Structures are given as structure tokens and as C-alpha cells.
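Comments concern the structure below.
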Amino acid sequence: MAELDIVSPPSSPAALSPKRILVILGEPHRVVLALLGLSGLVMAIHLMDWAWLPQYLPKLGDGLLMTLMMLVASVIVGFLLALPLGLVQVGGIWPLRWLATAFCTAVRGTPLLLQMWLLYYGLGAVFAQFPEIRGSWAWDYLRQAWPYGFLALTISFAAYEGEVMRGAFAGVPRGELEAAEAFGMSRWQIFRRVWFPRAVHRALPTLAGEIILQLKSTPLVATIAVTDLYAVITQVRQATYLTYEPLLFLVAVYLCLSGLLILALRWLENRVPTGQ
Amino acid sequence: MQHQSATRVVTQPQNDAAKSATAESAVEIHDLHKSFGGVDVLKGISLTARQGDVVAIIGGSGSGKSTLLRCVNLLETPTSGQIAIQGEPYRMRAGKNGALVPADRRQIQRIRAHLGMVFQSFNLWPHRTVLENVMEVPVHVLKTPREEARARASTLLDRVGLGDKLDAYPSFLSGGQQQRAAIARVLAVDPLAMLFDEPTSALDPELVGEVLSVIRDLAAEHRTMLLVTHEMAFARDVATHVVFLRDGIIEEQGSPTQIFESPRSEHLKQFIKSVA
Ligand SMILES: Nc1ncnc2c1ncn2[C@@H]1O[C@H](COP(=O)(O)OP(=O)(O)O)[C@@H](O)[C@H]1O
Ligand SMILES: [Mg+2]
């Protein structure tokens, strides 16, 4: 799949030059907001208690790593599952189409928290009853919490993105595929060279939003004893009896992550200007 | 090209004195029928284009012009009848309900790769630059070495007046430029015959001329073409043969002079008057 080439040469007219970034940042409302934010930060640093921070930094780092791993792994695997889920809903035979639709509807129609608990307490307990499983190498993983958190997040992302990809595949103009067909491309070539890259490109704006949503779902893994960033912050709150400082810290970290994600995805999107 | 006389049902066209006796048939259509869900759209079309012929297909909207053209590269599967490209008939077999189905996908893909089609709505691939659009089929279908394909693509784009737009994405071009790029995409496969389906119908009037002049040059080089068009003056100018389609049958055909100066059928007379 080396030639997927969703992102072609970097001759992007929509690219942000340093000068343009300066102009954007210089707009009045942005300046005002930045000043407000800065003063808030100064006040927070001076008026609040941050003495706990250095001592917890290593733990916070581990938590952040866990959060990021949950996010990245579930997004990647979930997206890979979303492709066939979307595809069979557009062009599959009816049993597959029906199964995919049922899966997406069921997962999207129930709370993620519930799914996670069902997997962790339900599936986890079932596994524990089989000596074969308890004795196998897999048990080292299956008795931990994170595989269930990862599984629940992945399933959820796959279901939502399956729906997005269904729309994206269906939305690629018929004529573009027909041109590929008329020039003698095989079905696989049509998929790989035209249908798939076009669908992904069409889905990217939605995908960006969904990845942010996924980031905001990751704290749920703390409820099944996975030590992500949120779980570490909870420990801090219990140990220090502080309420606002740890929570504010959490807000700042999630905001930074969201911001970085938005920038990265926008950059990706701008690499192929389609100018609908 | 391959000759399979045994399976050829098509009668040889009678060579008139003007054409050399060696002129081989590029496209032969024999007793072609096509129906969509019981509605007969083509009702027995027989038509031959020899190499170097420019066959203009005219007729009212809904008369079956596009369907006829799309049967030639099997974008539509004929209900019955034979089609041969350079003497090689498409291998078809009878399907369940008596209608034909393609018997050999590879053969179809091989023939299609040498039958370029120019669509009314251009149908360039928007996620690739103009140059990449023209290189796509030579590189990925015909397996031409990339550098060779690139050199040829840029020569062809130069030829259609897009030498300065190689790295532009299609959506940044005017309709006329996109259609000229689409013509270059066809030329890049060294087409045995070029299929044009109303190539100027989607264009603003001031852009029609630039596309017609490219097609005129190709006709002057004796490229084989099947050209569906509403531009009567143009058809009269460049065509070697004009076919008037009405209600799925060829109501009249002949030289441009015959068709436009002494039409026999009432419908053709009316049609010419209505579009003049
Ligand atoms: N895919 C299709 N399904 C059903 N009917 C079709 C389809 N394609 C074309 N037709 C019908 O066939 C007739 C001829 O269509 P077409 O070949 O597009 O005519 P033209 O190009 O001469 O305007 C029309 O009545 C059209 O509605
Ligand atoms: Mg038409």
C-alpha cells in the first residue's frame, strides 16, 4: 500500500506562510483573547498552589503516555475497521451490509461507558473461568485493564467512523469512478487509486472532529482502573486535597492536545486542495 | 491486433472508392440492443468506424447517443449484439435472463485501456495534479515506465495548451482547461478510437472554441473518433460520417453533406432546423 498517496505533492496554495500566520494572530479579537488568557495564567500561577506538580511529574508523564497510546491505537485500529464497515454498507452484499449497519447502530446507540464495563467486567470474568486462557501467554494481557479499555474505544471509533466512511464512499462522484473504469482499471485499482483516497479526503474534516471527540472519551478508561492522565489527576486530588489546580492542569493538557490535533489534521487536509 | 474470424459475425463494410481498401475497421457494432429494466433504449444499431474515421453521432436528447457510446467500452453491457474493437470482439456470454454478461474481465480491461473516453463533465481525478491525471493510466494500467510516461504526458499537455498547468489541481482550472486535460489523458493511452460524449455541453459558451479546436486538430491527424455532439457546424466540418439517432435506431446516416444538405427523413429535417 505504499502508493496510497492520499497526500500528494506539497504545492498547496492554502498553506500558511509565516507572514500569514502573523496576520491571523494580529487580529484584534485574537489579541484581546490572548491577553485575557495570559493574565489568567499569571494569576493562576501566583494565587494557586502548584507545589505538588514537580513531585507528580513522572506519574503525570506516564498517564499522558497512556492517554496518548489509548487515543492513537484506538484511532488507527478503529479506522482500519471503519473502512470495511463503510465499504460494505455502500457496495456489499446484503448480509454484510446488514451486519455492518446493525453493528454501527448498536454501538452508536449505547453509552461507551456501558460498553467498556460490559467488556471489562463481563468478558474479563468469562475469560477468567477458563483454565486454558488463564494458563496461556494471553492471560498476562487479559488480566490487565488496558486491553478492555483499548477494545471498547476501538469498537466505538470504528462504529462512528464506519458511518462517516459510508457517507464518504457514497459521496465520491460517480463520474470519477467511471473514468477509472473506462480507462481499464481493475476493481482493486479503482478502489486504491481513486475511490479510497477520494473518500478519505472527503472524510478528513469530519474525521478531525471525531478524533477530538475520541480524545475526550479516553478518560472513561479510568473507570476500569487504567491509569491514564485523568486517573493520575484523580490520585493527585485524593492525596493533596486540592480541587481546582489538578483539574485546571488537566484542562490545559487536553486543550493543548486538541489544538495540536486540529493543526495536524488541517495541515493534512490542505495538502490536497480540492476546492469543492 | 488479434483477428478471430471464426467468431466475427460482423459484416465487413463495403469500401467505397474514396477509402483505401486496406483501411481496417476500428469499431464495429452489429445489431446492438440495450434495454434498461424492460425499456428498449437501443433497438438494433449497426455501425462501423474505420481507422481514421470521425463519426459524429447526433440526435435529440434521450435518443440513446450516450448509451451507444458507453456500450462501445462496455460501461453499459449490451442486452444483445456484437461489438468488436480493431477486429477483436468482446467475449460475452448469455446471463441468467438471456441478457449478455461480460465473459472475460481482463480482455475488457485491456481493450478499454486503448479506448479513451472524454466525458461531458470531464471527470478528471481531483486529488491528482493535471500531469498526474495524464500519467495515471499509462503508469498504472499500461505499465509504462514512469519517466517515459511523465515526458509524454507533459508533451501532450503542452500540445493542448496546458504546458504551464502541469502541477495544478483540476479544480483550479476552467472547464475548457479541464476538458483539454481530459483529452490529453486520452491521448496518453494511444487510443485505437476516442469516444467523446458531448465534450462541450458543460462548458460556458466562450470556452467551447478552445476545446473544439483541439478536437479539430486530432481529426485532421486522422484519429479515429466517435463523437456525440450538439455542435452541428462542427460536426459538419470535422466528421467523415454522420449518424442520426432517433429513439434507439439509426434513422439516417451518411456524409456530412448528405445529412446536413439533403436530409431525407422528416425527423432529421426537423432536428436540423431545431438546433440550427
Ligand atoms: N442507467 C440507466 N437506467 C435507466 N435508464 C437509462 C439509463 N441510462 C439511460 N437511460 C435512458 O435511456 C434513454 C437514452 O439515454 P441516453 O443514451 O443518455 O440519451 P442521450 O445521450 O441521447 O441523451 C433515456 O430515456 C434515458 O432515460
Ligand atoms: Mg447523453
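Odds and ends about this structure:
- Loop-located GluC sites (Glu not before Pro) in segment B:202-248 (DSSP state not H, G, I, E or B) with no more than 15 neighbouring Cβ atoms inside 10 Å: B:E221.
- Beta bridges from DSSP with both residues in the protein assembly as shown: antiparallel share about 60 percent, rounded to the nearest 5.
- Whole-Hz couplings from phi, Karplus 6.51/-1.76/1.60, listed for segment A:191-202; x for Gly and Pro: 5, 6, 8, 10, 4, 5, x, 5, 5, 4, 5, 5
- The protein assembly as shown - percent of accessible surface contributed by carbon and sulfur, probe 1.4 Å: 61
- Ranking B:F271, B:F196 from most to least accessible surface, computed with a 1.4 Å probe over the protein chains only, gives B:F271, B:F196.
- Cα gyration tensor shape of chain A, rounded if a/c is under 1.5, else prolate or oblate by comparing a/b with b/c: oblate
- Solvent-accessible surface (1.4 angstrom probe) belonging to B:M225, in square angstrom, nearest 10: 0
- Other protein chain Cβ atoms within 10 Å, averaged over every residue that makes up A:173-181: 6
- Spin-label model distance (nm) - B:E148 vs B:E221, 7 Å beyond Cα toward Cβ: 1.8
- Helical contribution to [θ] at 222 nm, DSSP H n ≥ 4, -39,500 (n - 2.57), averaged over chain B, rounded to 500: -10000 deg cm²/dmol
- Each of A:Y160, B:Y169 has its accessible area taken with a 1.4 Å probe; listed largest first, they run A:Y160, B:Y169.
- Cα gyration tensor category, rounded, prolate or oblate, for chain B with a/c compared to 1.5: oblate
- Dipole size of chain A about its Cα centre, with +1 on Lys/Arg Cβ and -1 on Asp/Glu Cβ: approximately 380 debye, rounded to the nearest 20.
- Peptide B:117-126 - average C-beta neighbours from other chains (10 Å radius): 5
- Max mean-square fluctuation residue, GNM over chain A, Cα-Cα springs under 10 Å, options A:D49, A:D62, A:D140: A:D140
- Anisotropy class of the protein assembly as shown from Cα gyration tensor, a/c 1.5 cut: prolate
- Karplus-derived HN-Hα couplings along segment B:268-273 (A = 6.51, B = -1.76, C = 1.60, θ = phi - 60°), whole Hz, x at Gly and Pro: 5, 4, 4, 4, 4, 5
- Comparing Cα centroids, segment A:229-245 and segment B:67-101 end up 72 angstrom apart.
- Within chain B, antiparallel bridges make up roughly 60 percent of the DSSP beta bridges whose residues both belong there.
- Residues in segment A:64-69 carry Karplus couplings, in order, of 4, 4, 4, 4, 5, 5 Hz; the curve used is 6.51 cos²θ - 1.76 cosθ + 1.60 with θ = phi - 60°, and Gly or Pro positions show x.
- The listed residues B:T155, B:T67, A:T240, once ranked by accessible area (1.4 Å probe) with the largest placed first, stand as B:T155, A:T240, B:T67.
- Computed over chain A, the per-residue total of -39500 (n - 2.57) for DSSP H runs of n ≥ 4 gives a 222 nm mean residue ellipticity of -23500 deg cm²/dmol, rounded to 500.
- Rounded Å value of the spacing that divides the Cα centres of segment B:203-265 and segment A:146-204: 40
- Loop-located GluC sites (Glu not before Pro) in segment B:108-162, at most 12 other Cβ atoms within 10 Å (DSSP): none
- Residues whose amide H comes within less than 5 Å of that of B:R246, counting only those at least five positions distant or on another chain, are B:E251 (H built at 1.01 Å from N in the peptide plane).
- Extreme residue, positive dipole direction of the protein assembly as shown, given options A:T240, B:Q120, B:I83 (C-beta unit charges): A:T240
- Between A:V42, A:V164, A:V226, the Gaussian network model of chain A with springs among Cα atoms under 10 angstrom shows the greatest mean-square fluctuation at A:V42.
- For B:V54, distant residues with modelled amide H under 5 Å away: B:M225, B:T240, B:H241
- Protection proxy ranking, peptides B:182-191, A:79-88, average beta carbon neighbours within 10 Å, highest first: B:182-191, A:79-88
- Other protein chain Cβ atoms within 10 Å, averaged over every residue that makes up B:179-189: 1
The values are calculated or read from the model by the stated rules, or taken from the named source; none is laboratory data. Treat the numbers as computed from the prediction; the structure is a model and nothing was measured. Heads up, the Cβs are rebuilt from the backbone with ideal geometry, glycines too, and the neighbour counts pull from every protein chain shown. Areas reflect the complete protein model, heavy atoms only, side chains present, ligands, DNA and RNA absent. Shrake-Rupley method; radii C 1.70, N 1.55, O 1.52, S 1.80 Å.
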